[in-house]
Amino acid sequence: MGFFKSRFFRFIASLGLAALFYFLCPPCFSKTYLGLVLVLLVLIINLNPLLSRFRWLTHITRFLVGALFIFSGFIKANDPVGFSIKLEEYFEVFGQGFSCDMKVAGKSEAGIPCEKEQQQVQAPKPTVSVLKPMYDFFGKHALPLAIIICAFEMVLGIFLLLGIQVRWTLILLMAMIVFFAFLTFYSACCNKVTSCGCFGDAIKLTPWESFWKDLILMILVSIIFVGENNVQPLFRNRIVLVGIAGIGLFASFAFPIYTYRHLPVIDFRPYAIGTNLWDASHNKNPKTSGCKNDSVYITYYYKNIASKKIMHFHDLDSMPDSTWEYYCRDDKMIRKGNCNATVLDFNLSDSETGDDFTDSLLHLKGIQFFLVMYEMDKADRSVMGKVNLFYDACQKNKTPFNALSNASMEDVAKYRTETGAKYPMLTVDGTALKTVIRSNPGLLMLKDGVVTAMWHENDFPDYKDVIEKYKTK
């Protein structure tokens, strides 16, 4: 047993694991970058007596990691329904089995920074995972799982900052980081889930960006591990320490439950209050709105058919003759523009006739209401009595009221029979409806085409109260 606790065994084991990860690295990720990360981790693990002397390094890293986990958990807890939708995407992907449609990373021949479009690893036919029943179960319970995960992140961050149960906190932090690193790496490498959802709609990261974030966190947590003895409780008074931990534990679970039962406290979604839906759903004109287009530097690479020599060109007017064939192109973003639409697929059409009402409704002056149901068959029927009364009041006062769903004609007919609904039904893309409001059903109010207010089904308003509050605003 003494040998397994020795520094020599730690060195051999860490070196062996690093070598295993290095040689198992798929071609979608640079082995150079992976090697640098692995070397750094091996050094941290084996130089712990030296690193533990720098208490300031442990403390800075501890507060960085703790604050980041609290922030990450808080952002997801602010919108647990949105996070659960992202989890459902992952579970759906894993339920289909592990298949990969990767594009080989690195530089192609002649050192050019892009790959020939034809040179892609063919994706195997999707297979059904033997664990599909488990993923289906997780998918059905994605919402409670989302609440638990974001609360757990905040609790671990609070415990790390307070210096409570340091060893277990670090073990659980590392386990979460490794787990999410696998998810984001698989998504990035195999082109599965295009957005990780790590920070909700507040900070959108690509899977590769999120994977690098996880690698950096792995290094930081390793630094805290080797300096574990430097982590002392933030308060000497145990009652104060336990009291703050208890409040943090309660708040970590209470906050996502509250935002689930109502609406996000801070709205980062593209349909947030104050958004002009017509402007947001159309590409902005740089001449009239003052926005800026993307600035991209494009390099075209062509290969000579006879000599196989590759040359690059930037000007379309100077492209080579027919003795050259197109090889690939490399786009470098110089400046990200802001002229693109932020609201996608919000097109309003009549569920019966198919007529498009997007222009007329989004340009309508005055107040109008939309009842949003992104899953009509699962929409809460207990609130439909209030909805019908609200619609009757709208009819009496000639205020436009429409329901938005992605349901079939048969589902709409069934819904009308069950609820006695008489209001018009418009069809909108299902994904867009999930983004509009985190409630099923939820009420959206527009004034002159601008989102002015929205209500969760648990806070469904009275028509008279709404009009008195917003008619002069």
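Just so you know, all these numbers are worked out from the coordinates, no wet-lab data involved. Only a predicted model underlies this, so the values are computations on that prediction, with no experimental measurement involved. So basically every Cβ, Gly included, is an ideal-geometry build from the backbone, and we count neighbours across all protein chains shown.
Key figures for this structure:
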| item | result |
| --- | --- |
| Where labels lie 7 Å past Cα in the beta-carbon direction, separation of LYS378 and LEU234 in nm | 3.6 nm |
| Backbone HN-Hα couplings from phi across the range 392-402 [Karplus 6.51/-1.76/1.60, Hz, Gly and Pro as x] | 4, 5, 5, 4, 5, 9, 6, 9, x, 9, 9 |
| Cross-link pairs beyond the 26 Å C-alpha cut-off, checked among LYS76/LYS332; LYS192/LYS213; LYS398/LYS422 | LYS76/LYS332 |
| Point-to-point label distance, LEU241-LYS422, nm (Cα→Cβ direction, 7 Å offset) | 6.7 nm |
| Residues MET154, MET176 arranged by fewest to most Cβ contacts within 10 Å | MET176, MET154 |
| 13 Å beta-carbon shell around LYS434, net charge (K/R +1, D/E -1) | -3 |
| Label-to-label distance, nm, for residues given as CYS25 and GLN395 (7 Å Cα→Cβ offset) | 6.7 nm |
| For ILE367, ILE219, ILE334, order by how many other beta-carbon atoms lie within 10 Å, fewest first | ILE334, ILE219, ILE367 |
